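The values are calculated or read from the model by the stated rules, or taken from the named source; none is laboratory data. The structure displayed is predicted, hence computed values, not measured ones. With ideal geometry, Cβ positions are generated from the backbone for all residues, glycine too; neighbour counts draw on all protein chains shown. To get the accessible areas, we keep the full protein, side chains included, count just its heavy atoms, and leave off ligands, DNA and RNA. Shrake-Rupley method; radii C 1.70, N 1.55, O 1.52, S 1.80 Å.
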Amino acid sequence: MRPSPQCVRRYADANADKFGVAKRVTTGSTTFDFGAGDSLLISTDVPNVSQITRANAGVPYYSLVRNTDPVITQSLVLEIGVAQTETGLPVCVDPAEAEVADAALRLMRLLDRQQSIPILQDQLLREMHYWLLSGHHGAGIRALGFTDSHANRIARAVAIIRAEYAETLPVERLADVAG
């Protein structure tokens, strides 16, 4: 198979698990190549370009792109009792932990049994958030659980820009919101 055309996408604090495929994501001047068994965390609302660079008709392509739930994240951060940490990396790739991959797969399997979704989805999402907070991407996701984190302050400024893009925005207002 040939590489897909480039596709411009924007993810806000998303986590994606990729299996059986190679993918390239570029944000700004940084490019991330990753493949089967890797997970990508985008913890800040940043524009990026993604492209599938390798696929095989005989190997299924599974991708779960899921925004973290701020309510679940904040609740778990409080329950776990971790100290606030900041991460300077808005995008990073790490191997997906087995627990995260297992929870993601079980969540995707609910699609085959629609009647199970209202009963099991919430606890699987909570479990997946827990494993994410406990794993490689934990520091980046934990920062999202603190309302005054750098990532959340920037997200508030970006939200204003998106909502009021057609209007004149004073830099001072955005600076106040971003801290």
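Before moving on, here are some points about what is shown:
- Karplus-derived HN-Hα couplings along region 119-128 (A = 6.51, B = -1.76, C = 1.60, θ = phi - 60°), whole Hz, x at Gly and Pro: 8, 9, 4, 4, 6, 5, 5, 4, 4, 5
- The phi torsions of region 95-108, fed into the Karplus equation with coefficients 6.51, -1.76 and 1.60 and a -60° offset, translate into couplings of x, 6, 5, 4, 5, 5, 4, 5, 4, 5, 5, 5, 5, 5 Hz, rounded to whole numbers, with Gly and Pro shown as x.
- Largest to smallest accessible area among V49, V59 [probe 1.4 Å]: V59, V49
- Full extension of the chain between L105 and L169 yields a length gain of 18.7 nm, computed as 0.36 nm times the residue separation minus the alpha carbon distance.
- Mean Cβ count within 10 Å, highest first, over the residues of peptides 63-75, 114-126: 63-75, 114-126
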